[in-house]
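Read through the structure below, which is laid out as structure tokens, and then see the notes.
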Amino acid sequence: MYYVTLRCTARCAMCDVWRGADAPGYREQTLAEVQANLHALPRLGVRLIDFTGGEPLLFAHILDALRCARQMGMRTTLTTNCALYPDLAEELCGLVQHLQFSCEAADAAAHDAVRGPGSHARVLESMACARRLGQRFNLVATITDAALAQLDTLLAFAAAQRTVLALNPCFASAHQAGLSAAGARVLMRAARHPWAVADHAALALIADGGNQCARPVCRAGRATMTITPDNQIVAPCLHHEQQRVPIAGDLAHAWRTTQEVAARAGTYEVCRGCTLYCYMRASLYRRYPLRTLRSLTKYCMTRLRRGSA
Ligand code: SF4
Ligand code: SF4
């Protein structure tokens, strides 16, 4: 998880991240810092980088960072709210293996109520740009219990657009209740839709009550590394960090320094019942191997559909 920025073009009420950009002393990495980290990551066994935020396309060096990651042979993933994508689409083309356009509702008014005026139109424009360029993408929606009411129309929208829709469960934050166990079961059924994909392991975890401290499933900080915009590693995860180590030109040293704290991921009091999917998705296969396999199979088959570009 490479947090290149905490800034965002939107101010979604349920989101904690953009608020961090107002903190005193907030800064973002220089190009030299990003390049040094990207050169060090493969030696630490990192194969996939999720350039995230905030809105990652706001980061001044995002194109250079993606180019460098590709030159280093790493896979890249990026999720954008689409506000800036149409302007950068040509330069981004081919740099992101797994590009996701965030779409909260099929209905423009409902989507814009979350993301801001005109944002749904930018999703449609982004889809058109990506298709014109032959850039692969899928839509992604963050599903709360309240959003389940909109699910059928969202799935119909994905089908009409002939575009894969990833259904990501919302996790609990200070500003938002996470998807409930009952909601997770509804989402499992919804994910049978031919244009929908979901991580059934993540949904099973929610249905099972989340991470259990006595038998943790989370391996944040070991299976995943989290780099902050101001060039530090946090462990075990950004949302409930226990340790923060400046990289200062030596990513490997900073990484090793966090491993004692990371080894206790999933056992801290804040970890009780946690469903923070982004940090756990790399470790859920250990607890839910068949569900992981099922999700991956559906994902690969659905991505091959015509129109998903
Ligand atoms: S678009 Fe995403 S990152 Fe930006 S405020 Fe909304 S949820 Fe947060
Ligand atoms: S269980 Fe949740 S809070 Fe605990 S380390 Fe993992 S992601 Fe962070």
*Given N residues in segment 147-267, what is Rg(Cα) / (2.2 N^0.38 Å)?*
1.31
*Nearest 5 is fine: what % of DSSP beta bridges in segment 2-303 come out antiparallel, could you say?*
25 percent
*Let me have the 222 nm mean residue ellipticity of the chain computed from DSSP H runs of 4+ only, each contributing -39500 (n - 2.57), with the sum over all residues rounded to the nearest 500.*
-10500 deg cm²/dmol
*asked:* Among Pro56, Pro24, Pro289, which one shows the highest mean-square fluctuation when the chain is modelled as a Gaussian network with alpha-carbon springs under 10 Å?
replied: Pro24
*What's log10 of I(q)/I(0) for segment 2-303 at q = 0.09, 0.12, 0.15 Å⁻¹, Debye sum over Cα points only, no solvent?*
-0.42, -0.79, -1.32
*trypsin sites (Lys or Arg not before Pro) within segment 216-309, DSSP loop, no more than 14 other Cβ atoms inside 10 Å*: Arg305, Arg306
*Ranking of Leu203, Leu290 by count of other Cβ atoms within 10 Å, fewest first*: Leu290, Leu203
*Relative contact order [Cα under 8 Å, 6+ residues apart], the chain, whole percent*: 17 percent
_Contact order normalised by residue count of segment 3-113, Cα under 8 Å, 6+ apart, percent_ = 26 percent
*Vicinal HN-Hα couplings computed from phi for segment 42-49 (Karplus, 6.51 cos²θ - 1.76 cosθ + 1.60; Hz; Gly/Pro x)*: x, 5, 9, x, 6, 10, 10, 10
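No value in this document is a laboratory result; all are computed from the given coordinates. Being a predicted model, the structure only gives us computed values, none of them experimental. So basically every Cβ, Gly included, is an ideal-geometry build from the backbone, and we count neighbours across all protein chains shown.
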